[in-house]
Structures are given as structure tokens and as C-alpha cells.
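Reading through the C-alpha cells given below for one structure.
The values are calculated or read from the model by the stated rules, or taken from the named source; none is laboratory data. Note that the structure is predicted; figures quoted are calculated from it, not measured. For neighbour counting, all protein chains shown are included, and Cβ atoms are generated from backbone atoms with ideal geometry for every residue, glycine included.
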Amino acid sequence: MFSYYVKLALISFKRTPLLSFLMVLLIAMGIGATMTTFTVSYMMSQDPLPSKSDRVFSVQMDSRGDGYDWGESSLAEITYMDMQNVINSGIPKHHVVISAVSTMLKNPQQQTQAIKSKVRTTNADFFTMFETPFLFGSGWDEQADKQAQQVIVLTKKSNNRFFNGENSVGRFLQFGDVLYQVVGVLDDWQLMPKFYGVKTEAFSEPHDVFIPFNTQVKNELMVGNLVNNTCWKSYEGDDFAAFLASECMWVVLWVELDNDAAREQYQAYIDRYAQQQRDHGRFANRIYNRLVDVKQYLVDEEIVSDDSKMAVWLSVLFLIVCLLNCMGLMMAKFHGKAGEVGLRRAVGASKQHIVAQFSVELAVIGFIGGLVGLILAQFGLAIAENLYNYLHASLMQMNLILVLSTLLLAVLVSCTFGLLPIFKASLTQPSSQLKSL
Amino acid sequence: MLKMTGLAKVYLTSDVKTQALQPFNLSIEQGEFVAVIGPSGSGKTTFLNIAGLLENHSEGVYELDGKDVSTLSDKHKSAYRNEKIGFVFQSFNLIPELNLYDNIDMPLRYRKFTAKERDERIMKALEQVGLAGRKNHYPTQLSGGQQQRVAIARAIAGSPSVIFADEPTGNLDSKMAQGIMSLLQDINASGTSIIMVTHDNEQAQQAQRIVQIKDGVLSEDAPILAQAIA
Ligand SMILES: Nc1ncnc2c1ncn2[C@@H]1O[C@H](COP(=O)(O)OP(=O)(O)O)[C@@H](O)[C@H]1O
Ligand SMILES: [Mg+2]
């Protein structure tokens, strides 16, 4: 029976091509707009580390002095001192220290002009904890961290830029005035959102290159605006050692804790540490240590912006307006079919048969509208990609689930908004309208 | 088969009350060929629609195969129309977008027939009305007489026990009309009751019984043929 109704739906489509086309267009426009905004919003709120987002934690400690507000401000960064003090607990499976600097980079053998580049400073665990894929070589080892070696890992893009995409492992890159040796080149890699650094870059590509955090410290590379640096207390001296010893909070620390027991153990460990510090006069504000898992972190830091949700609501409103118009067209369409309905009723179709026939007809129109809507959404996403080119392109791509939900949504809303027209059509009396077909 | 007792029909349309049919009694047996005659606007179509379960009556009792139809749900009535009743209308009422095969298929779709059985029934009905070779044609490609034959094929494909025909020859010239009449005679001969509205007196004379309606008043005449024998 279903295939019979589909056949009737297609015949009906041919019978009133303009009306049907307008219905498809209205559905397609609403669905296209909704799915464009929804795709961006959905992609923004993806789990960046599906395999372990509940086991990776941001370590947060309120090391501030007395009198600071307890609410609002983000404590995603800790001081260099505290990081150094807690990093040897031996409890987490991995520690990842995060900071960043900017520098001028060039391949001394090929380029005369250095290029301003963003540098992620971190440690060997970064590549293991985030399971980064490598095109050539690998991350540096712990030895390199300990000795603060001048080693460097490139993204695929920067390897293309500086080494024309060749295997550059073992070669050198000029970093300011000194040379760093390439140990690895990442393959395409993008956490979505890229939660581990600053919030404002959560939807951008990874930094161009990676160097050991300890090398940053040894070479006294000052952090710039790629890092949130909260200095609530001024410090004496203007050398780098003074900065390191200061109460400035600028280091992001992530840990991977394998289970609840490890988590509790680690929480107790940092609480103990904070208490010790308090005994020595630091942490005067409060003892407030948090281990924030990735999903909670995304919420706390408002990485998924309300703007994108707002856009979804607006386009849903637009969809509803389109559907209300479409409903008028459905009324007209079914009204024009009163003769056929009367005849079908006369020869034995029940009301349910009529409802089923027209539901399938609307589902078919909705499905076609969904298909066209998908095409419109691709255009919409292409435009969004151009307009917001600081956002990563993969935000603007639908996955299979989104494609299927688009079609399902189109079919469902078409049938929902068709309920009234279908109901009215089913009330057609079998005796009426039999004269005109 | 069909028994109407004190049956009447009143139409109420925005403070105008039309007594389309005055109370009447009538019963028709299985296999009868009944002609319904009367001037235009007298209530013939109304009578046929009520008898064919397309409309409800206002007063009295209508028993069909021993069942009071007022107790039947809409769904039951639909199923009854589908299985036991065939309709033939003055303006053929074929669906122009469907070919002959699909037009005849339409009532069969609402029954639990297999595709094979539907196909057999459609082909048999088309043969019976002499259009077997044109199953893929569309209604507009046929003459009026041929279209009415398709409508008859649609009516008989489900093997109904009664066919209601409302002026089936009203839109046809007399030669075509006679073809339709003899087709209906053949169908009646195989046991199917036929109740046919007509305003052609000559056609009415070919029926076994003649029911006359004048201004909503129903009465029965014996056909001239029968009178002559009596
Ligand atoms: N649906 C209706 N609503 C109101 N009046 C109707 C309706 N159908 C028929 N009538 C009236 O009932 C009377 C009989 O109509 P009808 O049965 O169609 O006559 P016939 O078929 O004999 O020409 C007419 O006066 C007509 O105007
Ligand atoms: Mg009439």
C-alpha cells in the first residue's frame, strides 16, 4: 500500500507541478536555513575527545590573595610555581602543560623572509594524551623536556610552508635567532573544539609549531596575547626569573586520570598542596581546587557560544513561517483534490485510507524538500565558511547523522503541518464533488 | 437484500429546509434490475446516494442484507461500499492521471487482494467491457461511451452484489447508450442487482421494475411489458 501511495504522490506532483514546486521550495528554504545554523552549532558542541573526555581534566587552583571575588572569573590558568610543584605527584597517567608564544620562523636554507608564527609550548605528553597523528617522525621524548632541547614539531600546513611538504625530520628551522631541529610533522589534526588553549581560539586551527615548554622557559620566551595571563599581584624585578617566580597565572595544566580512585587521590593531593601553601601564606583567598573534565570545561568557559544557538532559534522561526505558508498551499492542493477524495471514498476508501494517502504525499514532498534543503544548506555553509574564515572549516561540514536528520526533520515537519489540511480533506463526504474531477 | 421502511431525507441548509424524499417503503431482492425515473430535481440521486451508503437518511429504517445501516460505522460503510457495491456515475468520474488499468485498480487497492488477484480481476473486467487491448490508455484518449465502459469495469471488478448507476447514459448518444444498456443487462444476467436512475423512458422499460419519484414522492409502476403480460 505504501508504494501505491508513493506512486499516487508522484502522479499528484506532476498534476500540480507549480504548487508542488512552491511547497518543496518553502520547505527547502526553511530546512536549509535551519540546518545551516544547526550544523555550525552542532559541530561547535561536539565532544573533542570522545574516547577520554571524561578522564581528561583541567587542573584549577585559586592561588589568589585575600579579597578576590569567588564567582565569575575563570581560573583555567595556574602559576608556574604551582604547576612545577604538583607536576611530580606521579598520580595522573599524563600531565600536559600548555602555553604559547609568537615568533618569526623560517627555513634557513630556503627562505629569506621569516614568517610570524604561533608557537604552542607544551611537553611530550601532549602528543600521547591527545593521540596526535604523525605524518613524519613523532613528538619529542621526556628527555627533550628535561634538557629543554631545541626541538620542534610542525603541523602539516607549516611543513608545507617551510619544507614544501617533504619529510623534514632532522632538518632545522630558524626560530628567532636560534635553530630548532624538527622531530616530527603532524598529519591533519583538529580537536573540535580545540579546548586545551585559550577560549578565543577554540575553533581555530592548531598553532603552527610545537616546542617544549621547558625550552620556552630556558630561552626566556615571554608569553604574549596568545595566553591568558592574570597577574593579580605585581612582582619585583623585570627579568624572566622574576616572572616565573611571580603570582601571575598563565600556565594551563591538563591531566589524564584513569579512574575515579585516581581522581580522588589527585584531588586530595592538590588539596593537601594548597593547604601547605596556605600555611605559608599563599592561597589566602580560599582553598578552591577543581578538576574540571573536558565537557564541563566547555560549559564553564562558554566555548559553545550562545550566538550560534540564537541563530538556530531564529532560523527555526523562519522554518515555521515557511511551513505556515506551505500549510496554506497544502490546503489549496487538497481542496483541488476533493473530487478524487469523494470518488475514492465512494468506491470504498475509509477516512484512514485518505489520511494515509495524503500523509505519504506530504512525506514525499517533505523528503524532496529535505533533499533540496540539504543542497541549500551546503550553499549556506559555504557562505558561512567564507564569512567566518577564522572558524575552522570542519565546523561547516555536515556528517551523515546530520544529513539523515535533515531528511527526517523535513518529512516530520511537513506531515505535522499537514495534519490540519489532511484532516480537512478526510472529512470530504463521499457523495459530494462526484460531478467534478 | 435491501429494505427501506418509512425512509425520508431532509436537507438543512442555512435556514432552508428541503424535503428531498417523503417517507416511503421499498424493498429490492437480489438479482433485480430496477429503474428509477422522474423529472430533474425530484430526488433520484438523493435516493441512490442513500441506497448506496454515500449519504445518511434522516428518518426511517434502512436495512441492507438484514443489517440496519444506521448502526454501521464509517469504516464499515466504506468496506461495504468497497466489497458489495459498484457505482457508475453520469460523468464517468475516472481519474484523468491514471490509465485504465490503474483506474479499475483503485477500488481493489482498498481490499486485501494479492497483486496477482487484482491483475486477474482488472483484466477480466476490461475484457467484459471490451477494452482489454487498451489498459495503458488514459481516459481522455477514449470516447464517452468507452469511458463509461471503463467506469463499469471499475464497478464490477470487485464482484459486487449490486450496482448503483446514476444516469449512466445521460452524457452519451443513443447508440453508445444502447451499448451501455446491454452491458448492464449482461451484468444483471449473471446475478448482480442493478439499480439505475434514468430519465429515458425507453431504457426504463428494459428493467424488471420501475420506481418513480416526483417531488420527493416515491411510487412504483409496473413496466409496460409486465403490464401487457398481466
Ligand atoms: N446536498 C444537498 N443539500 C441541499 N439540498 C440538496 C442537496 N442535494 C440535493 N438537494 C436538493 O434535493 C432535491 C433533489 O435533488 P436530486 O436528488 O439531486 O434530484 P435528481 O437527481 O432527481 O435530479 C433538489 O431540490 C436538490 O436541490
Ligand atoms: Mg440526479
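Charged (D, E, K, R) and within 12 Å of ligand 1 (Cβ to nearest atom): does that describe B:Glu55?
yes
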Inset, instruction - Only one of these is closer than 28 Å to A:Tyr42 by Cα, touching an Asp or Glu at 6+ places or on another chain (Cβ under 9 Å) and part of a helix (DSSP H, G or I): A:Lys333, A:Lys295. Name it. - result: A:Lys295
Legend entry - Every residue from region B:129-174 that is within 16 Å of ligand 1 (Cβ to nearest atom) and either within 14 Å of another protein chain (Cβ to nearest Cβ) or surrounded by fewer than 16 Cβ atoms within 10 Å (Cβ to Cβ) (or both): B:Phe164, B:Ala165, B:Asp166, B:Glu167, B:Pro168, B:Gly170, B:Asn171
Inset, instruction - Kindly indicate the residue of region A:131-166 that is surrounded by fewer than 22 Cβ atoms within 10 Å (Cβ to Cβ) and aromatic (Phe, Trp, Tyr) and also farthest from A:Lys194 (Cα to Cα) among those meeting that condition. - result: A:Phe163
Legend entry - Residues of region B:76-119 satisfying the condition of being outside any helix (DSSP H, G or I), of a type in the set (S, T, N, Q) and under 21 Å from the mean Cα position of the chain (by Cα): B:Gln90, B:Ser91, B:Asn93
Legend entry - Tabulated pairs, region B:35-54, first in contact (Cβ under 8 Å) with a residue 24 or more places away in the chain and within 12 Å of chain A (Cβ to nearest Cβ), second within 8 Å of ligand 2 (Cβ to nearest atom) and outside any helix (DSSP H, G or I), C-beta under 6 angstrom, 6+ apart or interchain: B:Thr45/B:Asp166; B:Leu48/B:Asp166; B:Leu48/B:Val197
Legend entry - Residues that are touching a strand residue (DSSP E or B) at 6+ places or on another chain (Cβ under 9 Å) and within 16 Å of ligand 1 (Cβ to nearest atom), drawn from region B:79-97: B:Phe87, B:Val88, B:Phe89, B:Gln90, B:Asn93
Inset, instruction - Output the residue which, of all residues in region B:1-33 that are within 16 Å of ligand 2 (Cβ to nearest atom) and modelled with pLDDT of 90 or more, is farthest from the other protein chains (Cβ to nearest Cβ). - result: B:Leu21
Inset, instruction - Give region B:56-104 a look and list any residue that's of a type in the set (Gly, Ala, Ser), at the interface with chain A (Cβ under 9 Å from one of its Cβ atoms) and out of contact with any His (no Cβ under 9 Å at 6 or more places or on another chain), or say none. - result: B:Ala79, B:Gly86, B:Ser91
